[in-house]
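Report on the structure given below.
Values quoted throughout were computed directly from the atomic coordinates according to the rules given, and no laboratory measurement underlies them. All values reported here derive from a predicted model rather than from experimental measurement. Virtual Cβ from ideal backbone geometry, glycine too; neighbours counted across all protein chains shown.
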Amino acid sequence: MSKLALVTGATSGIGKAFAERFAGDGYDLIIVGRRQDRLQEFADSHPGTTVRTVTADLSTADGIDLLARICATEPLDMLVNNAGVSHYMPLADLPADKAQELVNVKVLAATQLMRAAVGPMQQRGTGTILNVAGMIAFSGPADKSVMPRRAVYAGTLAYLVAMTQTLAAEVEGSGVTVGVVCPGVVATEFHSSQGLDMSAVPRMSADDLVTGALRGLELGETVSAPGVEDYQLLQDVFTADLAAFGGQAPTLATRYTE
Ligand SMILES: NC(=O)c1ccc[n+]([C@@H]2O[C@H](COP(=O)([O-])OP(=O)(O)OC[C@H]3O[C@@H](n4cnc5c(N)ncnc54)[C@H](OP(=O)(O)O)[C@@H]3O)[C@@H](O)[C@H]2O)c1
């Protein structure tokens with residue numbers, strides 16, 4: 001029997017590259033996005049693959065509920081939470097509806113789809129959940145000259161990293177694998193769709209990003225970073241995170257008492 005993968009945001013870029021890869025690897029597919037014409041185009045161009053298209057807006061409660069039901073009932077071997085928008089703007093300028101759309105798609109939808117899928121995967125003793133975050137998750141300490149104008153976007157990616165790490169520990173030993181991939185800059189429609197020209201910036205291909213993400217899972221990397229040559233850099237972050245976490249006490253630190 002074929003394996004089954006569900007990919008959100010499969011109408012372009014990284015999600016489409018995941019869908020292409022899984023189709024090539026013999027998976028049946030459930031592909032999700034708002035642009036039905038592109039989903040249908042994908043299905044038509046892969047006649048040898050069983051493709052179910054689901055047109056849904058993951059910024060809405062109805063769209064999230066529809067996909068969560070599918071994640072709870074279909075025997076998914078692979079769930080890729082990839083859909084996303086950027087809306088790079090200083091928080092004070094970010095319209096409330098765009099802030100909500102961003103958080104709904106990147107945080108709420110990903111959370112509800114994971115929540116729906118993970119129990120049945122644990123019961124089956126198999127399954128993989130892969131979230132698409134980004135290196136911007138680690139950019140919090142950067143000052144304005146380096147990384148301005150995207151507080152909400154950065155926050156959503158950091159959420160995915162922390163949640164995936166914690167969930168990975170929750171499902172340990174159950175046969176379920178959970179990972180998050182952190183792309184740098186990838187050549188997709190992500191920036192052009194908001195009027196940003198990134199063509200002069202060196203960018204990874206979506207295909208390479210997918211290769212890195214899937215190899216990262218094989219290597220047992222809960223957090224993968226296909227553009228980072230030295231993985232020790234990430235290990236150092238995680239070691240420092242745990243040192244800070246473990247460095248707390250119930251007493252007021254002396255610098256706050258002087
Ligand atoms: N490109 C980069 O440099 C980069 C870097 C780091 C992280 N990422 C992450 O990679 C992921 C994929 O981005 P990409 O680079 O491949 O960009 P993209 O080409 O713009 O693709 C974004 C995908 O998300 C879907 N999507 C957006 N809003 C949606 C909604 N409300 N409901 C359902 N689907 C929605 C889009 O489909 P429809 O428009 O058809 O709905 C599209 O398929 C994003 O989550 C992004 O945060 C990208």
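Taking amide H positions as placed 1.01 Å from N in the peptide plane, with prolines and chain starts having none, which residues 5 or more places from V186, or on another chain, fall under 5 Å of its amide H?
M204
Can you list the GluC sites (Glu not before Pro) in the range 147-220 that are in a DSSP coil and have 13 or fewer other beta carbons within 10 angstrom?
Answer in residue order: E172, E189.
At most 12 other C-beta atoms within 10 Å and a DSSP loop state: those are the exposed trypsin sites (Lys or Arg not before Pro) I care about. Give me the longest piece of the chain that has none.
After excluding every exposed loop site, the longest remaining stretch is 145-258.
Taking the Cα centre of the range 4-256 as the origin and placing charges on Cβ (Lys, Arg +1; Asp, Glu -1), which of A206, G84, L39 is farthest toward the positive end of the dipole?
G84
Please report the spacing between the Cα centers of the range 213-246 and the range 128-195 in Å, no decimals.
12
How many angstrom lie between the Cα centre of the range 59-84 and the Cα centre of the range 1-43?
13
Out of the range 204-246, which chymotrypsin sites (Phe, Trp or Tyr not before Pro) are coil in DSSP terms and have no more than 14 other C-beta atoms within 10 Å?
Those that pass, being in a loop and sparsely packed, are Y231.
Mind checking the full-extension length gain between S145 and A244? Use 0.36 nm per residue of separation minus the Cα-Cα distance, one decimal, nm.
That works out to 33.0 nm of additional length.
Given a cut-off of under 8 Å on Cα pairs at least six residues apart, what relative contact order in percent is computed for the chain?
Relative contact order of the chain: 17 percent.
Give a residue-ordered list of calculated ³J(HN,Hα) values for the range 60-77 (Karplus: 6.51 cos²θ - 1.76 cosθ + 1.60, θ = phi - 60°; whole Hz; x for Gly, Pro).
10, 4, 5, x, 5, 4, 4, 6, 5, 5, 5, 5, 7, 10, 7, x, 5, 8
Residue-wise, which Karplus ³J(HN,Hα) couplings in Hz belong to the range 28-33, taking 6.51 cos²θ - 1.76 cosθ + 1.60, θ = phi - 60°, and x for glycine or proline?
Running phi through 6.51 cos²θ - 1.76 cosθ + 1.60 with θ = phi - 60° gives 7, 10, 10, 10, 10, x Hz.
Relative contact order (percent) for the range 1-63, with alpha-carbon contacts under 8 angstrom and 6 or more residues of separation?
With pairs under 8 Å counted, the relative contact order is 30 percent.
Non-local amide H neighbours of T177 (under 5 Å, H modeled in plane, Pro and chain starts lacking H): which ones?
Under 5 Å from the amide H of T177 lie the amide H atoms of G127, T128, I129, each far enough along the sequence or on another chain.
Could you derive backbone 3J(HN,Hα) for the range 244-254 from the dihedral phi with the Karplus parameters 6.51, -1.76 and 1.60 (θ = phi - 60°), listing whole Hz in sequence and x where the residue is Gly or Pro?
After applying 6.51 cos²θ - 1.76 cosθ + 1.60, I find 5, 4, x, x, 8, 8, x, 8, 5, 4, 4 Hz.
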